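This report refers to the structure that appears directly beneath it.
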Amino acid sequence: MSVIDQIARLGRGAIDSVTGLGRAGLMLWGAIAKVPRVRKGTPLLIKQLYVIGVQSMVIILVSGLFIGMVLALQGYNILVGFGTEDSLGPMVALSLLRELGPVVTALLFAGRAGSALTAEIGLMKSTEQLSSLEMMAIDPLRQVIAPRFWAGVISLPLLALMFTAVGIYGGHLVGVEWKGIDSGSFWSILQASVEWRQDIVNCLIKSLVFAVVVTWIALYRGYHVIPNPEGISRATTQTVVQSSLAVLALDFLLTAMMFGR
Amino acid sequence: MLTRKIELLVGLFILSGLMAFLVLVFNVANVEVKPGQSHYTLYAKFTNVGGLKVRSPVKVGGVVVGRVTKIGLDPDELVAVVELAMDKEYDQFPETSSLSILTSGLLGEQFLGLTPGFVMDDIGMLKDGDRIDDTHSALVLEDLIGQFLYSMKSKEN
Amino acid sequence: MSHQSLSHDNQAEGETKPMEQAPMEQAKPLVEISHLGFSRGTHVIYDDVSLTIPRGKVTAIMGPSGIGKTTLLKLIGGQLRPDKGVIKVDGIDVHQCNRGELFALRKRMSMLFQSGALFTDMNVFDNVAFALREHSELPEAIIRRIVLMKLEAVGLRGAAQMMPSELSGGMQRRAALARAIALEPELVLYDEPFAGQDPISMGVLVKLIRELSDALSLTSVVVSHDVQEVLGIADYVYVLADKKVIAHGTPAELRAADNPKLKQFIGGEPDGPVPFHFPAQDYQKEMLGERD
């Protein structure tokens with residue numbers, strides 16, 4: 001009896017997750033697999049770029065600066081023991097480009113913009129604004145979901161680039177200005193070890209993948225929220241938890257594919 | 001619906017993203033945008049390239065004159081083949097020049113040192129696609145220590 | 001006024017045959033619902049409901065809370081799909097349409113949601129202008145005039161530049177009403193327009209619904225449990241209870257009816273044929289911890 005119950009529960013769980021994936025896929029498909037409307041779509045996209053991108057900039061820039069500085073300080077203390085403090089530049093730059101830039105930006109983005117997206121769309125659903133659009137013969141996927149999705153996909157890679165650039169200057173600040181590494185050797189060794197294809201393109205690919213996943217989860221959680229305050233608060237938490245886990249798991253997968261050879 | 005302020009800020013946002021990209025590309029990765037004609041290619045064989053990497057510099061007297069673009073293995077001789085992209089600016093190296101793999105500092109990055117050879121009437125300059133025959137492989141620390149221990153032993157005897 | 005509909009719509013015991021009545025009518029009813037069945041999971045909400053909504057009249061659908069009155073409006077709007085039965089709006093089966101046809105049909109109707117459902121990120125003016133901007137190619141100057149006219153009609157022209165969060169509940173609903181009539185629909189569905197309103201704004205809404213209906217010759221469907229207000233404005237009333245239509249007629253007829261369920265509802269008595277208790281197993285048994 002109880003074994004059968006367990007099996008049934010397993011089956012139900014499997015069915016639920018497949019249903020969820022299917023609904024999430026349909027939602028995204030419905031939102032983006034349409035000819036974009038340039039005249040009416042552009043203002044919506046710009047507005048969302050403001051809400052999602054511009055408003056996340058401060059936290060991203062400040063975090064980037066501090067993480068770059070901390071990385072340089074810790075790295076310096078270790079490297080100076082081997083007399084190789086000149087390699088601080090590549091250490092900071094490569095850590096930021098390959099891992100911290102895309103990953104930390106995506107995590108901060110999930111917390112800042114992802115949760116806000118879920119809450120906003122959840123609220124629109126529970127106050128019947130989405131229904132209201134439907135009844136006005138306007139597709140909410142197109143009006144509400146699509147601009148937010150594209151804004152997320154455009155914003156996150158840009159934010160990751162800013163984070164990384166600011167982080168490297170943060171490292172420069174600590175390494176060169178404070179710890180007195182020669183500025184010339186900091187940059188020349190850094191430049192010799194960072195490679196366009198291996199490091200910068202991969203950084204962009206990673207942040208693009210994270211952008212799609214985080215924005216998608218946030219939108220799906222909001223769009224299929226249980227329309228009451230408790231449902232919205234749960235969905236917001238779920239957005240942050242699920243997208244953070246997804247980012248970390250995908251990061252391992254991508255790193256293995258890019259650098260695992 | 002959209003205020004001018006929002007449009008302006010979004011424009012600035014995208015601009016600073018692009019600026020960060022350009023900083024990373026040109027200042028950090030130091031990608032050189034020069035037309036493809038400004039390089040000529042040389043080849044060299046080494047029995048051991050040690051820690052040499054793609055993009056390692058080629059230096060003459062400390063001046064960077066080119067970079068390693070490819071490291072492969074010759075399938076017949078089973079030795080490393082290194083492809084070098086040399087700046088067109090420096091194209092007056094005689095065919096007798098030699099290449100050695102050197103290390104900056106004790107544990108630093110490895111690079112190629114090019115020593116220009118003697119010039120005689122019947123010796124031409126290196127051209128695109130030429131091979132430098134006179135090469136000195138990387139020093140491998142283990143080999144050095146092995147040799148040192150061996151010579152110590154033979155002294156004792 | 002609308003006594004004609006009484007003549008062809010029988011008690012909901014399954015005798016309704018709208019197909020036969022349609023040709024008899026000069027003006028076909030705008031909405032015809034026949035043998036509608038709908039359930040959420042295992043919970044049956046409607047079991048064989050049939051009703052018709054005549055053109056140009058205010059038709060009210062009343063019933064106790066939780067009876068699924070909002071669901072009925074969503075079914076008419078094509079947002080939900082019935083398990084069985086047919087809903088026709090102006091002769092078009094709502095649930096056989098493809099998306100394009102459904103959207104074309106929805107442009108001719110509008111819905112006033114219980115919460116107002118104003119778009120929180122734009123001001124009142126833009127809210128009202130929204131559908132016009134989306135669906136018409138009218139120049140902005142004309143849109144502005146239309147919007148101001150609609151806002152004037154609900155008495156909110158002065159609040160055009162305010163955000164929805166700055167409005168009181170009653171004003172929000174009036175703004176939503178202005179938005180609902182912006183495209184001059186043929187059919188307006190009102191979902192609990194009076195719920196949670198103070199007596200003054202309730203009176204304003206009652207007057208507005210009646211006036212708009214007469215002035216624009218709208219067909220209005222009002223779903224509500226506010227008995228007195230509804231009986232005050234409706235031309236014709238259906239009372240839903242127990243998954244069925246239990247009574248229908250003009251307000252005067254309903255007041256005079258002696259159906260006990262109806263009397264309980266209209267009189268607002270706590271217990272009666274519609275039981276106070278949600279169906280449960282035997283009280284004594286459950287308290288003693290027995291299980292059947």
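The values are calculated or read from the model by the stated rules, or taken from the named source; none is laboratory data. Values in this document were obtained by computation on a predicted structure and should not be read as measured data. Glycine also receives a Cβ, built like all others from the backbone with ideal geometry; neighbour counts cover every protein chain displayed. The accessibility values were calculated without ligands, DNA or RNA, using every heavy atom of the protein model including side chains. Shrake-Rupley method; radii C 1.70, N 1.55, O 1.52, S 1.80 Å.
Among the residues of the stretch C:53-72, is any within 15 Å of the chain's Cα centre (by Cα), part of a strand (DSSP E or B), within 14 Å of another protein chain (Cβ to nearest Cβ) and modelled with pLDDT of 85 or more? The answer is no, given that none of the residues of the stretch C:53-72 is within 15 Å of the chain's Cα centre (by Cα), part of a strand (DSSP E or B), within 14 Å of another protein chain (Cβ to nearest Cβ) and modelled with pLDDT of 85 or more.
Output the residues belonging to the stretch C:76-97 that are open to solvent by 30 Å² or more (accessible area, probe 1.4 Å) and within 13 Å of another protein chain (Cβ to nearest Cβ). Within the stretch C:76-97, C:Gln79, C:Leu80 meet the criteria. Against the list (1) part of a helix (DSSP H, G or I); (2) more than 21 Å from A:Gly53 (Cα to Cα); (3) in contact with a Lys or Arg (Cβ under 8 Å, 6 or more places away or on another chain), the condition A:Leu173 fails is (3). Among the residues of the stretch B:119-129, those that are open to solvent by 100 Å² or more (accessible area, probe 1.4 Å) and within 23 Å of the chain's Cα centre (by Cα) comprise B:Lys127, B:Asp128. Check whether at least one residue in the stretch A:210-221 is more than 14 Å from every other protein chain (Cβ to nearest Cβ), touching a helix residue (DSSP H, G or I) at 6+ places or on another chain (Cβ under 6 Å), outside any helix (DSSP H, G or I) and open to solvent by less than 60 Å² (accessible area, probe 1.4 Å), and report yes or no. For the stretch A:210-221, residues more than 14 Å from every other protein chain (Cβ to nearest Cβ), touching a helix residue (DSSP H, G or I) at 6+ places or on another chain (Cβ under 6 Å), outside any helix (DSSP H, G or I) and open to solvent by less than 60 Å² (accessible area, probe 1.4 Å): absent. Which condition does B:Leu22 not pass, out of (1) surrounded by 14 or more Cβ atoms within 10 Å (Cβ to Cβ); (2) closer than 30 Å to A:Gly170 by Cα, if it passes all the others? Unmet for B:Leu22, out of (1) surrounded by 14 or more Cβ atoms within 10 Å (Cβ to Cβ); (2) closer than 30 Å to A:Gly170 by Cα: (1). Contact map, the stretch B:130-150: residues that are open to solvent by 90 Å² or more (accessible area, probe 1.4 Å) paired with residues that are among the aliphatic types (A, V, I, L, M) and outside any loop (DSSP other than H, G, I, E, B), Cβ distance under 6 Å, separation 6+ or inter-chain. No pairs are found. Residues of the stretch A:132-143 that are open to solvent by 30 Å² or more (accessible area, probe 1.4 Å) and within 10 Å of chain C (Cβ to nearest Cβ): A:Glu134 alone. Listed by first and then second residue, the pairs with beta-carbon distance under 6 Å, at least 6 apart or on different chains, first residue in the stretch A:118-131 and more than 8 Å from chain C (Cβ to nearest Cβ), second in a helix (DSSP H, G or I) and open to solvent by 40 Å² or more (accessible area, probe 1.4 Å), are A:Thr118/A:Arg221; A:Ile121/A:Tyr223.
Where residues in the stretch A:99-127 are surrounded by fewer than 23 Cβ atoms within 10 Å (Cβ to Cβ) and of a type outside the set (A, V, I, L, M, F, W, C), which of them is nearest to C:Ser165 (Cα to Cα)? Out of the qualifying residues, it is A:Thr127.
It is to be established whether one or more residues within the stretch B:93-109 are under 15 Å from the mean Cα position of the chain (by Cα), within 14 Å of chain A (Cβ to nearest Cβ), at negative phi and not hydroxyl-bearing (Ser, Thr, Tyr). Yes. Filtering the stretch C:113-130 to residues that are within 9 Å of chain A (Cβ to nearest Cβ), touching a residue at least 24 places away in the same chain (Cβ under 8 Å) and not polar (S, T, N, Q) leaves C:Phe113, C:Gly116, C:Ala117, C:Leu118, C:Phe119, C:Phe130. Of all residues in the stretch A:25-62, those satisfying the criterion of being among the small types (Gly, Ala, Ser), assigned to a helix (DSSP H, G or I) and either at pLDDT below 90 or farther than 20 Å from A:Phe109 by Cβ (or both) are A:Gly25, A:Gly30, A:Ala31, A:Gly41.
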